[in-house]
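So the structure is just underneath, and the comments pick up after that.
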Amino acid sequence: MTRTEPVTGRPLRIGIGGIGIESSTFCPHRSTTGDFRQTRGQELLDRYAWTRADSDLTCLGGPVEWVPLLHATSLPGGPVEAESYLTLKDELVTRVRGAGPLDGLVYDIHGAMSVVGLTDAEADLTEAVRAALDFVGTPDGRRRPMISAAMDLHGNVSRRFAEPVDLLTAHRLAPHEDAWETRERAARNLVRCLREGRRPHRAWVQVPVLLPGEKTSTRLEPAKSLYASLAAVEKLPGILDAALWVGYAWADEPRCRAAVVVTGDDAGRAAAEAGRLARRYWEARRDFAFVGPTGSADECIEKAVASARRPFLISDSGDNPTAGGAGDLAYMLARLLANDEIRSGRVTAVHPGITDPAAVARCFAAGVGAEVTLSVGGKVDAGHGGPYELTGTVEALQRATDQKDRAEGGAYDRGVDMAAVRVGGLTLILVAHRKPFHTLADFLGPADGGLGIDPRTYDLVVVKIGYLEPELYDMAADWLLALTPGGVDQDLERLGHHRVERPLYPFDEDAYDNGAGPDLTAVHLPPLTP
């Protein structure tokens with residue numbers, strides 16, 4: 001156990017900042033600064049309930065001065081353009097250096113950011129942030145500032161990234177209903193360590209398994225039990241935190257694989273628990289299954305049409321923008337309109353979220369009730385059938401200016417121009433910028449107007465998503481996961497990874513069957529020099 005002098009008798013100065021995005025290297029979309037919702041100053045602090053003066057965390061062992069830096073978060077997409085990344089990185093680093101001495105940093109990131117020209121973007125960013133923190137030092141000049149990272153469990157944890165970070169934790173639920181709890185845990189762990197003078201050891205191990213989130217949801221076993229066990233591990237004597245990452249399956253980089261980090265004062269126990277968790281994950285690798293029943297697009301549509309359960313939801317998983325898909329594929333649209341029951345109107349369906357600013361503009365120019373002929377989608381990701389030609393009736397329009405951003409969802413809930421077009425029994429919702437549809441509000445719009453599309457009134461709801469987010473999950477009378485093509489294709493071998501480190505399950509399914517298995521001994525990362 002390593003200890004330094006506890007910080008007492010004065011407020012802690014703790015910065016908050018980070019850059020977060022999930023980037024598919026198989027997606028032709030490129031993310032820019034315009035895709036990031038950027039917060040600074042009081043707006044940044046307002047994101048976190050625990051920064052309020054009356055929060056028990058702010059008062060834990062004494063007052064805390066929270067110092068807002070830069071937080072930038074984006075809807076997942078393709079890799080970040082190098083110039084945009086450098087713009088955000090330089091601002092974050094400059095703000096750290098300009099903040100004055102800091103005791104620590106709550107580092108709010110995702111963990112699966114890819115940048116054009118880099119192989120480990122989070123490591124590159126973190127090394128720069130660490131250097132800036134070390135430059136400003138702490139208010140009393142007696143210790144090194146600490147970094148506490150709050151991450152998505154679909155992030156990647158390379159050794160290069162982990163080494164400059166004092167504390168690491170991640171979500172324990174997928175879907176991520178505990179996202180804000182994770183951020184608070186990262187902050188709480190940091191405050192405790194600073195007040196108690198603790199410099200924890202970290203035990204890090206990667207597991208040669210790379211699975212999509214749709215196979216590792218904590219709604220099902222074995223992920224349910226694996227993640228539930230983390231709380232018990234962190235309660236062990238000498239342990240502060242335990243975290244498990246499944247990794248990000250749609251980036252082709254050496255760091256992409258599962259990882260475990262156990263943090264604590266007892267280096268031996270941390271290493272033993274990390275190795276035990278890694279072994280459990282490895283031994284369960286073949287038990288992971290899709291979170292729902294699957295099929296091709298046509299198979300899912302046929303089953304949904306034939307079912308009596310309404311509304312019946314289908315996930316267009318390969319073009320899921322919240323996993324990094326382009327969001328403009330018309331592949332599922334074409335399959336829906338190839339179904340006679342839907343095209344004739346005997347079965348109704350709503351398919352939201354195809355990104356096509358030109359088609360949206362055409363709809364606005366025509367107006368509600370007008371007939372329009374459109375070339376829809378396939379302009380960013382043109383590799384899966386290209387645009388789809390259709391003629392339909394403009395059913396509803398909504399301007400971005402009539403929508404309110406919901407701060408809780410960050411970049412996921414930005415207002416965009418939207419148009420609903422009806423073709424037979426299908427209502428297609430087009431968006432001018434990439435946008436997911438996860439809640440009723442996304443369909444209905446504001447209470448005083450908007451699209452007014454209620455998905456509960458349709459027979460089928462076909463959403464560009466993977467596993468269903470809570471509100472959709474509760475809405476569905478039944479659902480299917482369509483294994484569609486796109487930048488986040490669930491068929492990983494179809495995508496063509498060639499830069500990941502091998503052997504790696506499931507690409508090399510039988511690689512360890514004739515031996516003792518991979519070396520899952522945890523690497524001891526000692527406390528950073530005080």
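Annotations
- Residue match in region 175-197 (condition: in the same structural domain as residue 27 (by TED's automatic domain parsing), among the polar types (S, T, N, Q), more than 30 Å from residue 511 (Cβ to Cβ) and under 20 Å from the mean Cα position of the chain (by Cα)): yes
- Looking across region 40-94 at every residue that is surrounded by fewer than 18 Cβ atoms within 10 Å (Cβ to Cβ) and of a type in the set (Lys, Arg), the one that is nearest to residue 179 (Cα to Cα) is identified as 52.
- Filter result (out of contact with any Lys or Arg (no Cβ under 9 Å at 6 or more places or on another chain) and assigned to a loop (DSSP other than H, G, I, E, B)) within region 221-244: 221, 235
- Figure legend. Inter-residue proximity from region 215-227: first residues in the same structural domain as residue 244 (by TED's automatic domain parsing), second residues basic (Lys, Arg) and assigned to a helix (DSSP H, G or I), beta-carbon distance below 6 Å, spacing 6+ or different chains. Indicated pairs: 218/224.
- The set of residues in region 445-458 being at pLDDT 90 or above and over 11 Å from residue 397 (Cα atoms) consists of 454, 455, 456, 457, 458.
- Close contacts from region 21-46, counting a first residue that is of a type in the set (Lys, Arg) and a second that is assigned to a strand (DSSP E or B) and modelled with pLDDT under 95, with Cβ to Cβ under 6 Å and a gap of 6+ residues or different chains, come to none at all.
- Odd one out for residue 140, checked against (1) more than 24 Å from residue 95 (Cα to Cα); (2) surrounded by fewer than 18 Cβ atoms within 10 Å (Cβ to Cβ); (3) at pLDDT below 95: (1)
- Only one entry of 126, 138 meets the criterion of being within 22 Å of residue 250 (Cβ to Cβ), in contact (Cβ under 8 Å) with a residue 24 or more places away in the chain, β-branched (Val, Ile, Thr) and not in a strand (DSSP E or B), and that entry is 126.
- Filter pass, residue 299 being assigned by TED's automatic domain parsing to the domain that holds residue 179 and of a type in the set (Asp, Glu): no
- Verdict on residue 499 being in contact with an Asp or Glu (Cβ under 7 Å, 6 or more places away or on another chain), surrounded by fewer than 23 Cβ atoms within 10 Å (Cβ to Cβ) and touching a residue at least 60 places away in the same chain (Cβ under 8 Å): yes
- Residue, surrounded by the fewest Cβ atoms within 10 Å (Cβ to Cβ), within region 245-280, restricted to residues that are among the small types (Gly, Ala, Ser) and part of a helix (DSSP H, G or I): 268
Matching residues to (1) in a helix (DSSP H, G or I); (2) modelled with pLDDT of 95 or more; (3) within 30 Å of residue 49 (Cα to Cα):
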{"residue": "324", "(1), (2), (3)": "no, yes, yes"}
{"residue": "328", "(1), (2), (3)": "no, yes, no"}
{"residue": "333", "(1), (2), (3)": "yes, yes, no"}
{"residue": "343", "(1), (2), (3)": "yes, yes, no"}
{"residue": "361", "(1), (2), (3)": "yes, yes, no"}
{"residue": "375", "(1), (2), (3)": "no, yes, no"}
{"residue": "384", "(1), (2), (3)": "no, no, no"}
{"residue": "394", "(1), (2), (3)": "no, yes, no"}
{"residue": "408", "(1), (2), (3)": "yes, no, yes"}
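- The strands (runs of 3 or more DSSP E) found wholly in region 1-109 and carrying at least 1 residues that are among the polar types (S, T, N, Q) occupy 36-39, 64-74.
- Number of positions in region 86-106 that are closer than 27 Å to residue 436 by Cβ and touching a helix residue (DSSP H, G or I) at 6+ places or on another chain (Cβ under 7 Å): 5
- In this structure, residue 33 does not qualify as closer than 18 Å to residue 150 by Cβ, of a type in the set (Ser, Thr, Tyr) and either buried (at least 16 other Cβ atoms within 10 Å of the Cβ) or touching a helix residue (DSSP H, G or I) at 6+ places or on another chain (Cβ under 7 Å) (or both).
- Number of the exception - residue 344 against (1) in contact with a strand residue (DSSP E or B) (Cβ under 7 Å, 6 or more places away or on another chain); (2) surrounded by fewer than 16 Cβ atoms within 10 Å (Cβ to Cβ): (1)
- Qualifying residue in region 443-453 (condition: in the same structural domain as residue 341 (by TED's automatic domain parsing), touching a Phe, Trp or Tyr at 6+ places or on another chain (Cβ under 9 Å), among the aromatic types (Phe, Trp, Tyr) and surrounded by fewer than 17 Cβ atoms within 10 Å (Cβ to Cβ)): no
- Contacts under 8 angstrom Cβ, first residue in region 307-329 being more than 12 Å from residue 463 (Cβ to Cβ), partner assigned to a strand (DSSP E or B) and hydroxyl-bearing (Ser, Thr, Tyr), 6 or more apart: 324/23; 326/355; 328/355
- Some residue of region 346-353 being closer than 25 Å to residue 458 by Cα, among the β-branched types (Val, Ile, Thr), touching a His at 6+ places or on another chain (Cβ under 7 Å) and modelled with pLDDT of 95 or more: no
- Candidate set from region 174-211 (those that are in contact (Cβ under 8 Å) with a residue 40 or more places away in the chain and within 15 Å of residue 227 (Cα to Cα)); member that is surrounded by the fewest Cβ atoms within 10 Å (Cβ to Cβ): 177
The values are calculated or read from the model by the stated rules, or taken from the named source; none is laboratory data. Predicted model, so just to flag it, every value in this text is computed and none were measured. In this analysis, Cβ positions are derived from the backbone assuming ideal geometry, glycine residues included, and neighbour counts consider all displayed protein chains.
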